[in-house]
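Scroll down for the structure; my scribbles are underneath it.
The values are calculated or read from the model by the stated rules, or taken from the named source; none is laboratory data. Owing to the predicted nature of the structure, the values given are computational and were not obtained by experimental measurement. Don't worry about glycine lacking a Cβ; one is built from the backbone with ideal geometry, like all the others, and counts go over all protein chains shown.
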Amino acid sequence: MSKCVPAVLESDFPSFQFRGWGELKTEDFTIGGTMVWNAGLLTLGGTLIIFGFTFWLINSTKSPAEPGEVAPKIYGMRKKYFVLLLLLIVLTLFVSLRGLPYFAPGAPVYKVNVEGTMWYWDIAQVEGPRRGSVIEAGKLVEFTITSSDVNHGMGIYNQAGELLTQTQAMPGYPSKLYYTFEQPGTYFVVCMEYCGLAHHAMNTTLQVQ
């Protein structure tokens, strides 16, 4: 059973010794993968479309007209805009949701129960093929995460400071998280949701061989 209890309560977020050759600051934490880039590009594209449409609309209505002449055009334009927006939403949901890991990709080899408590992680003995199992790289792991007090956010980082996976730790509700560690080594379990005075010290390690 692994616990990490803060010895000192500090108000500033401390430096983590994740890397063997130096300190990892808060600003070094990054979220890898292409989903962030895709979301940014979609946001930028949507913003440009809205600005372009607004610019065209302003420049196309400079000449005065009677309300009776303008109303049918506005209603027709609104209908086209609604259909276009609906198609865009359906396309975006289809592209973004189909790849999310809502279901376990096969039967897990290892099972780990994790409980978050202010301000430490209680990681139970790994359940695996053998007694006293240690998580092996390349094998699917099922984490069952809950909390004994308030909401916590469980994030797993590698030694490069990259966020690999995350989920919520909620009281009274077991969250399932499935992940396969590609490389052996030490991984870091960090609380990602503010949970009180020593939130910054709520971290521990996870060994993968």
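Per-structure values
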item: Residue list for segment 77-96, restricted to those being farther than 28 Å from residue 60 by Cβ and of a type in the set (Ser, Thr, Tyr); result: 96
item: Residue satisfying condition, being part of a strand (DSSP E or B), in contact with a strand residue (DSSP E or B) (Cβ under 7 Å, 6 or more places away or on another chain) and more than 13 Å from residue 112 (Cα to Cα), within set 138, 155; result: 155
item: Failed item, numbered, when residue 149 is tested on (1) assigned to a strand (DSSP E or B); (2) out of contact with any Asp or Glu (no Cβ under 8 Å at 6 or more places or on another chain); (3) exposed (fewer than 15 other Cβ atoms within 10 Å of the Cβ); (4) of a type in the set (D, E, K, R); result: (1)
item: Residue in segment 60-70 that is modelled with pLDDT of 80 or more and part of a helix (DSSP H, G or I) present; result: no
item: Residues satisfying the stated conditions in segment 176-202, i.e. polar (S, T, N, Q) and within 17 Å of the chain's Cα centre (by Cα); result: 180
item: Criterion (out of contact with any Pro (no Cβ under 8 Å at 6 or more places or on another chain) and modelled with pLDDT of 85 or more) met by exactly one of 97, 57, 42, 48; result: 48
item: Residue in segment 191-205 that is touching a Cys at 6+ places or on another chain (Cβ under 7 Å), surrounded by 15 or more Cβ atoms within 10 Å (Cβ to Cβ) and hydrophobic (A, V, I, L, M, F, W, C) present; result: yes
item: Residue under evaluation residue 117, criteria (1) closer than 22 Å to residue 193 by Cα; (2) modelled with pLDDT under 90, criterion not met; result: (2)
item: Tally, over segment 117-175, of residues that are hydroxyl-bearing (Ser, Thr, Tyr) and under 19 Å from the mean Cα position of the chain (by Cα); result: 8
